[in-house]
Structure formats: C-alpha cells, structure tokens
Amino acid sequence: MKVETAVELILEEYHKTVARYPYAFHSHHEGYAVIKEEIDELWDAIKTKKNHPNLIKALREEATQVAAMAIRFLVCFVPEEKEEMVK
C-alpha cells in the first residue's frame with residue numbers, strides 16, 4: 001500500500017468516527033483506552049486470522065482504526081503551535 005493510500009484511509013476513518021461520535025476524548029486516559037482497545041483488536045486479528053483469507057482486510061481495517069484514533073488523540077490534546085509542544 002502506498003503512503004498516500006494509507007493516509008487517505010486513515011483520514012476517512014477519522015472523519016467517519018468524528019461524525020458518529022462528535023464529542024472529544026474527555027481525558028488523556030480515555031484517549032489512551034480507546035487507542036489500546038483498537039490495538040487489542042488489531043492484535044486479535046493478527047492472532048486469530050493468521051491463515052485466514054480475510055487477513056489483509058482485517059489488518060487494514062484495524063490498523064486504520066488505530067491510526068485514526070491516534071490522530072484524534074493528537075487533535076484533542078496537543079497544541080498546534082510548535083512552541084507549545086516544546087514546553
């Protein structure tokens with residue numbers, strides 16, 4: 001998969017999730033928990049679908065969700081200005 005394709009899938013998933021759940025994460029802990037849940041689902045797909053014909057589809061979907069929620073975490077909690085990030 002090309003980087004551009006991956007980024008497109010991730011942004012599509014991000015916007016779909018924000019439309020469905022418009023509230024921001026309420027805390028760093030909640031954001032972490034959502035990302036961890038997505039990582040656990042990716043790990044489950046890796047373990048249970050090792051030789052499954054839909055493995056690639058499952059990996060694409062779960063990894064896309066992990067990345068989309070990581071972006072949501074950044075959007076919710078990290079200031080945009082580079083100076084603020086250094087402090």
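Values in this text are rule-based calculations from the coordinates and carry no lab data. What you see is a predicted model; the values in this text were computed from it and never measured. Virtual Cβ from ideal backbone geometry, glycine too; neighbours counted across all protein chains shown.
Remarks
- Within the range 45-60, considering residues that are in contact (Cβ under 8 Å) with a residue 12 or more places away in the chain and either touching a Ser or Thr at 6+ places or on another chain (Cβ under 7 Å) or surrounded by fewer than 17 Cβ atoms within 10 Å (Cβ to Cβ) (or both), the one farthest from Glu12 (Cα to Cα): Ile46
- Residues located in the range 1-21, provided they are among the polar types (S, T, N, Q) and exposed (fewer than 12 other Cβ atoms within 10 Å of the Cβ): Thr5
- Of all residues in the range 13-65, those satisfying the criterion of being under 21 Å from Met1 (Cβ atoms) and small (Gly, Ala, Ser) are Ala45, Ala58, Ala63.
- Any hit, the range 66-80, residues being farther than 24 Å from Lys2 by Cα and over 17 Å from the mean Cα position of the chain (by Cα): yes
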